[in-house]
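Read-outs: derived from the displayed coordinates by stated rules, not from any lab. Predicted model only: the values in this text are computed from it and were never measured. Cβ atoms come from the backbone with ideal geometry, glycine included; neighbour counts cover every protein chain shown.
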Amino acid sequence: MSSVRVLVGTRKGAFILTSDGQRKNWSVDGPHFTGWEIYHLKGSPTDPNRIYCSQTSSWFGQIIQRSDDGGKTWNTPGGETMPSPYDPPGGVSNNFAYDTSPGTGRPLTTHQWYDGTQHPWEFKRVWHLEPSHTDPDVVYAGVEDAAMFRSTNGGQSWHELAALRAAEGEKWAPGAGGLGLHTILIDPTNPDRIYIAISSAGAFRTDDGGQSWKPINRGLKSEYIPDPDALVGHCVHRIALHPARPEVLYMQKHWDVMRTDDAGDHWYEISGNLPTDFGFPIDVHAHEPETIYVVPIKSDSEHIPPEGKLRVYRSRTGGNDWEPLTNGLPQKDCYVNVLRDAMAVDSLDDCGIYFGTTGGQVYASPDGGDTWTPIVRDLPAVLSVEVQTLK
Amino acid sequence: MVRIELPYHLRRLARIDREVALDVEGTVTMTSVLDALETHYPMLRGTIREHGTLKRRPLIRFFACRQDISHDPVDTPLPEAVAAGTEPLLIVGAVAGG
């Protein structure tokens, strides 16, 4: 019997929601790490009991937590045991030091600040953790200020893939939420090909496992930057792919929903009949590569659903033709937002869609978006949602 | 023994109940106390002072004997009462928010 585990990061802790394959009755476990901001949790595709968690605080900085039993117990990798005097130093699992070494690193110079001046690079937090598809001990971290780190020992230590900052890093600028590397997509057919996205820099791709990167933003137009067609500087909110067609990417940009059919070399707009093409998350149906989901938000100045109606929009045609999905979602007086990492899908036969809101609701649809039910209504503001389909 | 009181979230992270008592070798300073604390509780590295620079994190404060010593040079000897363990060293999350 299959089951589903939904990993929810919130402003005040982590929650784990579980159900059998019917996805009608749910249990809610948590909060874990109460009082801390949990930017993201994600399980290893090869070992679902291995879950990585980004725990962060303005006071106490970054912590990485890891569970090896499906979220029942947690440890800080490398710092979990009391060391004997003969042990090597532990507790470096939260050390995200930009690589400035002559061999593999890049000089740590500056990036663009909100006002166009240059600003020093400073580590703030981990936004996104992406476990490898083949090795549970390999995991990537997208951080603020934007950079990509990799751990090959289960999160005990991290090393920056510094070549990314060479992709015009001096022109990257923070979005309203900061200069965060928020999306990491590993090509399931080629682990050396990885796509990432940064606000407000754009999307980037490596084809050699992170040794070199290039901006992939041709076709994006952004009126809020001096050159609307610039190679970098676009505020990409989220990108998504279907494992069966990893060269096709879908993007929710600050404004505009976009698509590429050639791994990001060229993008074209698919906003079509959306009521507004501003929003944050975008995701793809587990079994239908042309079925995609977005949550339109009124505007960049008003992060609320249009008309107070919370509507997911689905396209079954890979974009342009969109239908509102409202059954079970509040259709009046609703003013929550859905953040970029707060939507996910399961891979059961009837694909389940999930999203969390800044109002603390986590909604589930067990039928591809036709009907929705809140799993839980009153969590802290939801920052991220991931789903594990357990066989 | 030097007594150290940690903020709630760091006590939970280090899995300790309330106060930590540590032997500190040599002169008792913020540096030597934090070195000893991080040796015993390595999960606290990076949470009180930054990795690398070892600078105090911006929203952390140090109090001793009713004095704010957050901005004292880190190699200044701490008050005798703290070194002797009759008064605790307080590591505090700054009041921020409302």
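Some notes on this structure:
- Between A:Asp300 and A:Lys214, the modelled label-to-label distance comes to 2.7 nm, taking each label 7 Å out from Cα in the direction of the beta carbon.
- Projecting the Cα positions of A:Gln331, A:Gly142, A:Val385 onto the charge dipole of the protein assembly as shown (unit charges on Cβ atoms of Lys, Arg, Asp and Glu, taken about the Cα centre) puts A:Gln331 furthest along the positive direction.
- Computed lengthening from A:Glu290 to A:Asp20, 0.36 nm per intervening residue step minus Cα-Cα distance: 94.5 nm
- Here the label points at A:Thr100 and B:Met1, each 7 Å from Cα along the C-beta direction, are separated by 4.2 nm in the simple model.
- Between A:Asp367 and A:His159, the distance separating the two model label sites (each 7 Å from Cα on the Cα→Cβ line) works out to 5.1 nm.
- When only alpha carbons are used to place a centre, region A:41-71 and region A:154-191 end up 18 Å from one another.
- Three-way shape call for region A:292-389 based on the alpha-carbon gyration tensor, with the a/c threshold at 1.5: oblate
- The packing ranking, built from the mean of other Cβ atoms within 10 Å per residue, places the peptides A:199-209, A:295-305 in the order A:199-209, A:295-305, highest first.
- Computing FRET efficiency as 1/(1 + (r/R0)^6) for B:Phe63 and A:His119, where r is the C-beta to C-beta distance and R0 is 25 Å, gives about 0.15.
- The loop-placed trypsin sites (Lys or Arg not before Pro) in region A:18-52, going by DSSP, that have at most 11 neighbouring Cβ atoms within 10 Å of their Cβ come out as A:Lys24.
- Partners for A:Lys309 among aspartates and glutamates (Cα-Cα distance below 12 Å; same-chain residues under 8 apart left out): A:Asp333
- Structure-based [θ]222 nm, chain B - -39500 (n - 2.57) summed over DSSP H runs of at least 4, per residue, nearest 500: -6000 deg cm²/dmol
- Principal axis box of the protein assembly as shown, alpha-carbon based, largest edge first, Å: 74, 49, 43
- Set of lysines with alpha-carbon distance to A:Lys171 below 22 Å, sequence-local pairs under 8 removed: A:Lys124, A:Lys214, A:Lys221, A:Lys253
- DSSP-defined antiparallel bridges as percent of all bridges, the protein assembly as shown, nearest 5: 95
- Theoretical FRET efficiency, 1/(1+(r/R0)^6), r = Cβ-Cβ of B:Val74 and A:Asp29, R0 45 Å, to 0.05: 0.60
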